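Visitor: Dropping a structure here in structure tokens format, bear with me for questions.
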Amino acid sequence: MSDASNFDILVVGGGLVGSAAALGLSQQGWRVGLVESQSTKALTEPLAPAGSVGEFEPRVSALSIASQQLLESLGAWAGIAAERHCPYQTMTVWDGDGTGRIQFSAAELGADSLGVIVENRIVVRALMLALADSEVELIDGVNVAGWWQEGGRRGVRLDDDRLLGAELVVAADGPNSRLRQWAGLPTREWDYDQQAIVCTVRTTQSHRHTAWQRFSQTGPLAFLPLCNEQGDSHFCSIVWSQDTAEARRLMALDEGSFASELESAIERELGAVEVVSDRFAFPLRQRHAKTYIADGIALVGDAAHTIHPLAGQGANLGYSDARALLQELARARKAALSPADPSILARYQRRRKGENLSMMAAMEGFKQLFAADELPVRWLRNTGMRWLDRMGPIKQRIAAQAMGLNRH
Ligand SMILES: Cc1cc2nc3c(=O)[nH]c(=O)nc-3n(C[C@H](O)[C@H](O)[C@H](O)COP(=O)(O)OP(=O)(O)OC[C@H]3O[C@@H](n4cnc5c(N)ncnc54)[C@H](O)[C@@H]3O)c2cc1C
């Protein structure tokens, strides 16, 4: 493979996580290539303003303060701050089958916000604009079609037969990562038999900069606050996770019937609901790679783990992976080690695997707790929520964890 273009580090996948990792690695002085199958030209064009019609992208992320800090340190936050984004100061979670309710507020934590809701395309756009000013060689609009390894070198083959080589390949190619499969890294996975329906809605009452989450036996429903360029606070992005049969029924409803079911499911907290975008349904699957590293390869983001969207932590876990990888590779650079040095990769894995696993286990516990129909469990759940709502310090620790502030 002597004719392969050569990098120190090749990142495959320019989504939320891969583009941030590539930017940070290049800022450390590594020679970095980034391959993304979609053309990024469209991504960097100016956005249409979100007026009264649904110009918002239905796929959004609730970015924690820690993710925000990472994007700031990479110089990409200014690009997000210049576009529409919605900080939220309160999060209200309640049990639809009882009276338990818990409210987290930024003021109780002495913070300005608990996090920020941003459309995924705005984050990727800000990262792409920052990448355009960096030393990263962006190879976009072309698929990675194969993987090669020869002696101490490795790399990928593109759809157009170009060969790229590197000392380390970072797989950020999402949940169905081909690189993970080619490297033979096994996963533990199971189907939730649920689908997440996402769309944008307009409500007659303001969202009051609050993230709303109502749990029911068939799954959680989240209303995530959005702001358009005029600061209109009547738009939300919804994530409605439901058992597959119920999700199919909801997807088959006409717009008016769907909106009225949504309105009752959120108990009319925000008044009347109007659906202003197409609806999309994503099958939900929990997946965790048993190993994040192999000879010269490291998995980050959804390539390493996919998690139930009930607490909106998927992108945040990916950013924590990127932060840990960046810190470990900065150590490698300082010590003049190869970026693929096994001790560096092992430290990265050690730092991330345990934390990702415990977050995934917590999500699973939550999901099962709320799926239970037995009276004693429902009583405990509701009493527990009311009790927790009054327990300042414990509540604050949970909120700090969700904001990603315990993870450094
Ligand atoms: C319904 C739903 C709601 C969610 N809500 C939230 C939320 O509120 N908060 C949150 O934090 N997370 C949320 N998530 C999760 C979040 O969207 C993901 O965790 C996040 O997008 C993962 O980023 P990534 O960069 O690892 O992967 P991706 O975003 O999947 O990016 C992978 C990239 O790799 C590219 N690629 C793939 N294969 C190849 C190839 N062969 N060659 C070249 N390029 C390739 C793709 O084009 C893509 O750009 C949600 C997920 C779902 C399904």
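Visitor: Between 0 and 90 degrees, rounded to the nearest ten: what's the tilt of helix 375-390 against the longest Cα principal axis of the chain?
Guide: The two axes meet at around 80 degrees.
Visitor: For residue 146, what residues show an amide H to amide H distance below 5 Å, using hydrogens built from the backbone and excluding near sequence neighbours?
Guide: Correct list: 157.
Visitor: What share of all Cα pairs of segment 224-359, in percent, falls into each consecutive 5 Å distance bin?
Guide: P(r) for segment 224-359, in whole percents per bin: 2, 8, 15, 15, 12, 11, 10, 9, 8, 6, 4, 1, 0.
Visitor: Hey, another quick one. When a footprinting reagent is the concern and you count Cβ atoms within 10 Å, what order do 353, 41 take, fewest first?
Guide: Working: 353 19, 41 10.
In increasing order of surrounding Cβ atoms, one gets 41, 353.
Visitor: I'd like the isolated cysteines in the chain, meaning no second cysteine's beta-carbon lies under 4.7 angstrom from theirs.
Guide: Taking the Cβ cut-off of 4.7 Å, the unpaired cysteines of the chain are 199, 236.
Visitor: Now, a different point. If you plug each phi of segment 260-269 into the Karplus form 6.51 cos²θ - 1.76 cosθ + 1.60 with θ = phi - 60°, what whole-Hz ³J(HN,Hα) values come out, in order, with x for Gly and Pro?
Guide: 6, 5, 5, 4, 6, 5, 9, 6, 6, 4
Visitor: List the GluC sites (Glu not before Pro) within segment 91-139 that fall in a DSSP loop (any state other than H, G, I, E or B) and whose Cβ has at most 11 other Cβ atoms within 10 Å.
Guide: Working: sites: 108, 119, 135, 137; in loops: 135.
Within segment 91-139, no GluC sites (Glu not before Pro) qualify (loop, at most 11 other Cβ atoms within 10 Å).
Visitor: Based only on other Cβ atoms within 10 Å, what is the fewest-to-most ordering of 192, 319? Spell out each step's value before the answer.
Guide: Details: 192 17, 319 28.
Neighbour counts put them in this order, fewest first: 192, 319.
Visitor: To test your reading of the geometry: what angle, between 0 and 90 degrees and rounded to tens, separates the Cα axis of helix 342-371 from the longest principal axis of the chain?
Guide: So the helix axis and the longest Cα principal axis differ by about 20 degrees.
Visitor: What percent do you get for the relative contact order of the chain when only Cα pairs under 8 Å and 6+ apart count?
Guide: Numbers: 837 pairs, mean separation 88.0, N = 408.
That works out to 22 percent.
Visitor: Another question, then. Using only the alpha-carbon atoms, how far is helix 314-334 inclined from the longest principal axis of the chain? Give it as 0 to 90 degrees, nearest 10.
Guide: 30 degrees
Visitor: How compact is segment 179-232 by the rule of thumb for globular proteins, expressed as Cα Rg over 2.2 N^0.38 Å?
Guide: Numbers: Rg = 18.0 Å, N = 54, 2.2 N^0.38 = 10.0 Å.
Relative to the rule-of-thumb radius for its length, segment 179-232 sits at 1.79.
Visitor: Only sites in a loop by DSSP and with at most 16 other Cβ atoms within 10 Å count here; which trypsin sites (Lys or Arg not before Pro) in segment 260-331 make the cut?
Guide: Values: sites: 268, 279, 285, 287, 290, 323, 331; in loops: 268, 279, 290.
Hits after loop and neighbour filter: 268, 290.
Visitor: If neighbour count is taken as other Cβ atoms inside 10 Å, put 305, 207 in order from fewest to most. List each step's numbers first, then the result.
Guide: Numbers: 305 26, 207 23.
Listing 305, 207 from fewest to most nearby Cβ atoms yields 207, 305.
Visitor: Something else: For Cα pairs less than 8 Å apart in space and 6+ apart in sequence, what is the mean separation divided by the residue count of segment 164-323, i.e. the relative contact order in percent?
Guide: On the way: 303 pairs, mean separation 53.8, N = 160.
Relative contact order here is 34 percent.
Visitor: If you don't mind, there's one more thing I want to ask. With θ set to phi - 60° and the Karplus curve 6.51 cos²θ - 1.76 cosθ + 1.60, what are the ³J(HN,Hα) couplings of segment 271-282 in order, to the nearest whole Hz, using x for Gly and Pro?
Guide: x, 6, 10, 10, 7, 10, 9, 5, 9, 10, 10, 10
Visitor: In a Gaussian network model over the chain where Cα atoms closer than 10 Å are linked, find which of 342, 225, 87 has the largest mean-square fluctuation.
Guide: 342
Visitor: In the chain, what is the volume of the convex hull around the alpha carbon atoms, normalised per residue and reported in Å³?
Guide: Numbers: hull volume 57.0 nm³, N = 408.
Convex hull volume per residue, Cα atoms: 140 Å³.
Just so you know, all these numbers are worked out from the coordinates, no wet-lab data involved. If you're wondering where the values come from, they're calculated on a predicted model, not measured in any experiment. With ideal geometry, Cβ positions are generated from the backbone for all residues, glycine too; neighbour counts draw on all protein chains shown.
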